[in-house]
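J.: First the structure, then my questions, so here it is.
The values are calculated or read from the model by the stated rules, or taken from the named source; none is laboratory data. Every value quoted in this text rests on a predicted model; they were computed, and no experiment measured them. We place every Cβ from the backbone using ideal geometry, glycine too, and count neighbours over all the protein chains shown.
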Amino acid sequence: MNERFTLLLQNAGMVRPLFALLLLTGCGATPEQLLTGVAGGGIASIAIIHRSPFDALYSLATGRDCSVVRLERGETYCRSEEPPPEVPRFCTRSLAAVDCWSEPSKLPAPQRQVADGPHVLTEQQEADRIRRWPE
């Protein structure tokens, strides 16, 4: 389970009295007022964290990024894990074009690439690729 969810469960002794006080504030509310409060909370939740309260609880419990907003975009309910990026090809200049090689170790002499850049993700990029929700 997600570490924050476990920590929340361990500290539930402090959360219960606060939740009871919150419930007491609604003793005189009419059903219309309660419905307005719940609907307003749901709309605010979607506007702020891009998920409904149920989505936030489900994402917290599973550690995956799940949202009804993703469904509206035509995507899956939960974000799938991204596969690692493929290894970039080794491209060198020739007389009139660019040649790309799958195995640069087989080239006769050390060659300089057309685009020098990183060949793997940085630690931060890899952490972002495999992150869980909430962070």
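Per-residue answers, yes or no, for (1) touching a strand residue (DSSP E or B) at 6+ places or on another chain (Cβ under 9 Å); (2) in contact (Cβ under 8 Å) with a residue 12 or more places away in the chain:
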site	(1), (2)
Arg64	yes, yes
Val68	no, yes
Ser80	no, no
Arg93	yes, yes
Ala109	no, no
Arg112	yes, yes
Thr122	no, no
Ala127	no, no
Trp133	yes, yes
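J.: Ok, one more. Any chance you could count how many residues in the range 71-93 are at pLDDT below 85 and either basic (Lys, Arg) or farther than 28 Å from Leu121 by Cα (or both)?
T.: Total satisfying the criteria: 2.
J.: Go through (1) under 24 Å from Phe54 (Cα atoms); (2) of a type in the set (D, E, K, R); (3) surrounded by 12 or more Cβ atoms within 10 Å (Cβ to Cβ) and name the single condition Arg129 misses.
T.: (1)
J.: Within the range 81-133, track down each residue that is touching a Cys at 6+ places or on another chain (Cβ under 6 Å) and within 30 Å of Cys66 (Cβ to Cβ).
T.: Within the range 81-133, none qualify.
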